1. Any chance region A:61-84 includes a residue that's in a loop (DSSP other than H, G, I, E, B), under 30 Å from residue A:291 (Cβ atoms), of a type in the set (Ser, Thr, Tyr) and more than 16 Å from DNA strand C (Cβ to nearest atom)?
2. Is there a residue in region A:167-186 that is in contact with a strand residue (DSSP E or B) (Cβ under 8 Å, 6 or more places away or on another chain), part of a helix (DSSP H, G or I) and not assigned by TED's automatic domain parsing to the domain that holds residue A:216?
3. Go through region A:43-61 and give me each residue that's small (Gly, Ala, Ser) and within 12 Å of DNA strand D (Cβ to nearest atom).
4. How about region B:128-154: which of its residues are outside any loop (DSSP other than H, G, I, E, B) and without any contact (Cβ under 8 Å) to a residue 12 or more places away in the chain?
5. Could you say which residue among B:213, B:187 is surrounded by fewer than 21 Cβ atoms within 10 Å (Cβ to Cβ) and either under 22 Å from residue B:125 (Cα atoms) or basic (Lys, Arg) (or both)?
6. Can you give me the number of residues within region B:25-56 that are part of a helix (DSSP H, G or I), near DNA strand C (Cβ under 9 Å from one of its atoms) and without any contact (Cβ under 8 Å) to a residue 40 or more places away in the chain?
7. Of these, B:321, B:293, which one is at pLDDT below 95, crowded, with 20+ Cβ neighbours inside 10 Å and closer than 30 Å to residue B:156 by Cβ?
8. Out of all the residues in region B:268-275, is one or more in contact with a strand residue (DSSP E or B) (Cβ under 7 Å, 6 or more places away or on another chain) and closer than 30 Å to residue B:138 by Cβ?
Protein chains: 2
Amino acid sequence: MESSVTLAEVARQAGVSSSTVSRILNGTTNVSHAKREAVERAITALNYKPNVLARNLARGRTMNIGVLTQDISSPFYGDMLRGIEQGLAGSGYLPIFADGHWHAEEENAAIDVLLSHKTDAMIVLGGAIPDQRLIEVAAQVPLIVFGRDIHQLPGQCLKIDNEQGAYLLTRHLIEFGHQRIAHIAGPSAHRDARDRLSGYKTALEEAGLPFIPELVLEGDFLETSGFVAATRLFEGREMFSAIFAANDQMAYGARLALYRKGVRVPDDISLVGFDDLPSSTYTTPPLTTVRQPTYELGITLAQSMLRMLSGERANLPDIKPQLVIRESTVMLRYSASTHRR
Amino acid sequence: MESSVTLAEVARQAGVSSSTVSRILNGTTNVSHAKREAVERAITALNYKPNVLARNLARGRTMNIGVLTQDISSPFYGDMLRGIEQGLAGSGYLPIFADGHWHAEEENAAIDVLLSHKTDAMIVLGGAIPDQRLIEVAAQVPLIVFGRDIHQLPGQCLKIDNEQGAYLLTRHLIEFGHQRIAHIAGPSAHRDARDRLSGYKTALEEAGLPFIPELVLEGDFLETSGFVAATRLFEGREMFSAIFAANDQMAYGARLALYRKGVRVPDDISLVGFDDLPSSTYTTPPLTTVRQPTYELGITLAQSMLRMLSGERANLPDIKPQLVIRESTVMLRYSASTHRR
DNA sequence: TTGTATGCGTTATCAG
DNA sequence: CTGATAACGCATACAA
């Protein structure tokens, strides 16, 4: 546990003032060749490493960017964090992650922690805290928000059009001849979930198909709830030939329920998800879904933040949901008696 | 961007010295009731938030714990990070994550960053840097390592017995009557991969089964490589009735390859992975594998670190690999002609 | 170009 | 119990 070398010691060793050392370190001013050499020699000789804390305190900024996520371990956010990290790489800024667990109080606490650590900026991914809180945060540091649309923060929010995505998915199923499409919705308290439900309804309506409440069950965006919902769907009395799960994770759960029931996908039932998680390429069969390019989104968020930090506007681009048709959906044969009941 | 309130301002507002405010904040010494009240009033009135940077600099410690991971977005590490975060919750310590991407240089850089931020301790997950470097790190801060076994750091390393896990998996297949078991190995540069291969060999040997080099292909622990390997396995001339992929992710890839070939799992081919990622419960069929309880391991790592930080020994427990038998493996019927060729 | 003096916001030492 | 005063390690006006 060797105590670390200070700048002052380097200065002494090199026979110059500490200001000079500081200047060399930061490239603030020109320094004579001789002294620069001496200092550099001293630095390597003493193996000097600047103390970031002291530097930050003196400078008044930390080069840290707080990132509030809702679940580090989820494939969705995980990928996004990787994107953010990548987008920040080489910029000198370091992302500091905190997890809010989709819980308003924890999110607030996490934001406080981040702020008390004097992060120069903040990126918020999803979450359940009121918009107002974020508006306050935005008054203190540059802020970019993903997954929410806050009117008071124009150009600082990035959000996919969930309704449109759900619409595309549902229409895709309808075009494949499906008329009775079940929907495993996300938690109704969740904005994205409501929007996706809404897109589902719109597509049905547009096609002149009836909305059947019994075919809509609510999950919590996790696999287990998809499993439960799909199972219950089979216990219900309404028939269906396709299931639209409000996210990929619930689709995975539903997939297992179907497997357990001996129902084939897509032969008997077509299945679609939402998000296009990396693993959706590898499910059996690969899942038709709507793509949220999480990694790229992370990069975009990071870059926009860097832009904001350099004084420009964040200028977040719009994201169009993109249908990814794979093998879990198939044209409904009209002879099909397989779509149960 | 309101400038933040300082402790000194609180002191002035409350009519006391800044030392007193500091004492109240830290509970260092007793303070008269009257002054305490005044200070607390001032704090809420001014909405004072302590500057963590200044505090850390003065105290000489940050209450931050550096965590070096190799891929934030991987389900394996992601879950572990969540465990670490959970295990640290309420302790006052904050984890700071950095990603080494399984790349020695990046790992070194990340460690330097973490150290320059004066993290009070360090948790290293996997990685490709030489042991020596970690030993040096351990000389500077309390260190705990996961996924490696460094003799010079006794009791500070946590590692599952990979060889034993692979052995269990292979023996399970053998007990199910499989005699020709293919293995999709991890990168041979990777210690875990070598150990798993070794466990596979041991089980074969013990059962008197021949080791067939053509049935062992090397992947890179990612899904795609599992897909490629499984596909190539079918192009080879050696037959097999089971595949042991060195981790779940490659098993997923292999699963897809089998699906594409129209080969059923487990009816035609049994498949096993390694790690028991959360999603392995939801693959079709659910995957037989060996469990690495990532989340719990994360918690363990965090708790051990807290123990170390409080002066005790880390005292890391041993982890026994645990076989999780699900539906991707089945007893081989001797009439089976299905195991191809 | 270089050095001196001062400040960044807290904590810690030391009198009182 | 409380208040000056000196660190903490570095950056930066201000002089020279």
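1. Yes, the conditions are met somewhere in region A:61-84.
2. no
3. If we filter region A:43-61 for residues that are small (Gly, Ala, Ser), which is where we start, we get A:45, A:54, A:58, A:60.
Hits for region A:43-61 are A:54, A:58, A:60.
4. Of region B:128-154, the ones outside any loop (DSSP other than H, G, I, E, B) are B:131-140, B:143-146.
Within region B:128-154, B:132, B:136, B:139 qualify.
5. B:187
6. Keep residues of region B:25-56 that are part of a helix (DSSP H, G or I), which gives B:25-26, B:33-46, B:52-56.
With near DNA strand C (Cβ under 9 Å from one of its atoms) added as a condition, the list becomes B:25-26, B:52-56.
From the residues that got through so far, the ones that are without any contact (Cβ under 8 Å) to a residue 40 or more places away in the chain too are B:25-26, B:52-55.
Residues flagged as part of a helix (DSSP H, G or I), near DNA strand C (Cβ under 9 Å from one of its atoms) and without any contact (Cβ under 8 Å) to a residue 40 or more places away in the chain within region B:25-56 amount to 6.
7. Details: B:293 fails: crowded, with 20+ Cβ neighbours inside 10 Å.
On inspection, the qualifying residue turns out to be B:321.
8. Yes - at least one qualifying residue is present in region B:268-275.
The values are calculated or read from the model by the stated rules, or taken from the named source; none is laboratory data. Just so you know, these numbers come straight off a predicted model, no measurement behind them. Cβ: placed from backbone, ideal geometry, glycine included. Neighbour counts: every protein chain shown.
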